[in-house]
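A.B. asks: Sharing a structure below in structure tokens format, with a few things to ask.
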Amino acid sequence: MTSIILLSVLGIINLFLGFLRSNKILLPAAMVILALVFGANLLDWNAAPESYFSGMLTIDRYSVAFTGIVTLTTLLLIPFSQKYVRDGQENLAEYYSLLLFSLVGAIMMVSYDNLLMLFVGIEILSVAMYVVAGSDKRNVRSNEAALKYFLMGSFATGILLFGIALVYGATGAFSLIDIAGAVVQPANATFRPMLYIGMLLMFVGISFKVSAAPFHYWTPDVYEGTPTFFTAFMSTVVKTAGFAAFFKLLMVAFQAAESFWIPTIMAITVLTLLIGNVGAVAQTSVKRMLAYSSISHAGYLFIGLVALNGKLSANGIFFYSLAYSVATVASFGVLKLVADQRQREDYAVLNGLAKTNPLLAFVMTVAMLSLAGIPLTGGFFGKFFIFGAAMDKGYIGLVVFAVLMSMVSIYYYLRPVIAMYMRPAEEDMTEPVAVGPFQSAILVLLALLTILLGVLPGLLSKVL
């Protein structure tokens, strides 16, 4: 709860910093705020679970762990907005505050114990994302991305809310514990179809938020049109919060109805893995490739939902979310630095980067290898733990299919590496990309974290 209060209060204070008409103070101020929130969140790690708002929100180890991921991700991402500071970006204070306020929604999503709190958290997070998607007002692609995201997100929210209403009508409760009791022992069996329809509608709404197929159609266009800095936030923080919320919903409220929803979640998993990986192969833009990559990783995280194997699945989703977030921030960070200077986002923009900027090439390589699940990176053990949870429940066929899709992903993840190390730079791209010392330090830290998670996975593999 301390994290929510700090983000809300300090986010408002950050808005007032905009009146100083000096962007130079905004970046360090945002990082200090996030560091304070991250530290305050860690203080709750060993504290006894505590509920707020009549049991609608609970701060426990689960919520603290995932709050730590979304806060750390944002903290590591903020330095890559330095170009906005340097260029005197208008409304920068507002954009930073929107990210801080959106984290409040993300924390609500990982801490909720009541469907109303889940809905409020999703809306706080989503509304902020609709705004930042169109933050580049002079760019037609950004305007298109904001409009598509807003319209499709509004429909998804309506579907989610309708599902919540039907679940309430069938169970008479919004609390996850009370819903679980009603699922096990329904007061009136005639309401069972209403409950099932409500569950499916809720699954549709949340699947949209995490870019799962077949509710993924907005993702490539929105990710491509949204400024790269905010795209990185959307593909990491939103996905992490969404899956943490989804896992809690299935584990606490609907576990007793597992035989009903397993086929649906299984179908979404297979479709997401297939569309995400095959779609990424066909892309010529690095940014769109990363968008389809984000879809594919939603499929891997869905395997943890299919397994629903208690702490084994919870720890797998936690570790995978952390490893994925770190590698994704690194890849989008390098892409933003390169694209800002060279004004392109295709694979050719990376040609010869190993000669002009060895550090950027190294960090991008580590990130690509981690996202592909290559050993000695965090991504390998993220998939290992997720697959292990599924194998423990007997889903061998699903794991085999996921491994095959991982082999497909190696192709498109190695394309940036080949471009950086094996292809000469074009004539107009032989100048080194300008990278500040602080950004270089953050990139090194991201690479080291990725390797550390791959070398010493036991440090964070059993935190829940």
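A.B. asks: Which lysines have a Cα lying under 21 Å from the Cα of LYS24, excluding residues fewer than 8 positions away in the same chain?
C.D. replies: Once the sequence-local lysines are set aside, what remains near LYS24 is LYS83, LYS336.
A.B. asks: Follow-up. Please enumerate, by chain and number, the aspartates and glutamates with C-alpha under 13 Å from the C-alpha of LYS137, excluding those fewer than 8 residues away in the same chain.
C.D. replies: GLU90
A.B. asks: Moving on. Treat the chain as a sphere of radius equal to its Kirkwood radius over Cα pairs and apply Stokes-Einstein at 4 °C in a medium of 1.567 mPa s; give the translational diffusion coefficient in µm²/s, rounded to a whole number.
C.D. replies: Numbers: Rh = 22.2 Å.
The diffusion coefficient I find is 58 µm²/s.
A.B. asks: Moving on to the next point. Per DSSP H run of at least 4 residues, take -39500 (n - 2.57); add these up for the chain, divide by its residues and hand me the 222 nm value, nearest 500 deg cm²/dmol.
C.D. replies: Details: 20 runs with 337 residues, N = 464.
Mean residue ellipticity, 222 nm, calculated: -24500 deg cm²/dmol.
A.B. asks: Right, another one. Which lysines does LYS248 reach when only Cα atoms under 22 Å apart count, and residues fewer than 8 places away in its own chain are ignored?
C.D. replies: Excluding near neighbours in sequence, the set is LYS209, LYS239, LYS311, LYS383, LYS393, LYS462.
A.B. asks: What list do you get for SER370, SER259 if you sort them by fewest beta carbons within 10 Å? Spell out each step's value before the answer.
C.D. replies: On the way: SER370 31, SER259 7.
Ordered from fewest to most neighbouring Cβ atoms within 10 Å, SER370, SER259 come out as SER259, SER370.
A.B. asks: What ranking of VAL363, VAL433 emerges when the number of other C-beta atoms within 10 Å of each C-beta is taken as an exposure proxy, fewest first? Display every interim value, and only then the final one.
C.D. replies: Working: VAL363 26, VAL433 18.
Lowest count first: VAL433, VAL363.
A.B. asks: Right, something else. Pull out the extension gain between ILE197 and GLU94, defined as 0.36 nm times the separation in residues minus the alpha carbon to alpha carbon distance; nm, one decimal. Mind dumping the intermediate values first?
C.D. replies: Working: separation 103, 0.36 × 103 = 37.08 nm, distance 3.96 nm.
Difference between extended and current length: 33.1 nm.
A.B. asks: OK, next. Order these by the 10 Å Cβ neighbour count, fewest first: HIS297, HIS216.
C.D. replies: Placing the least packed residue first, the sequence is HIS216, HIS297.
Here, each number is a calculation from the coordinates, and none is a lab measurement. Here the structure is a predicted model, which is why all the values come from computation and not from measurement. Glycine also receives a Cβ, built like all others from the backbone with ideal geometry; neighbour counts cover every protein chain displayed.
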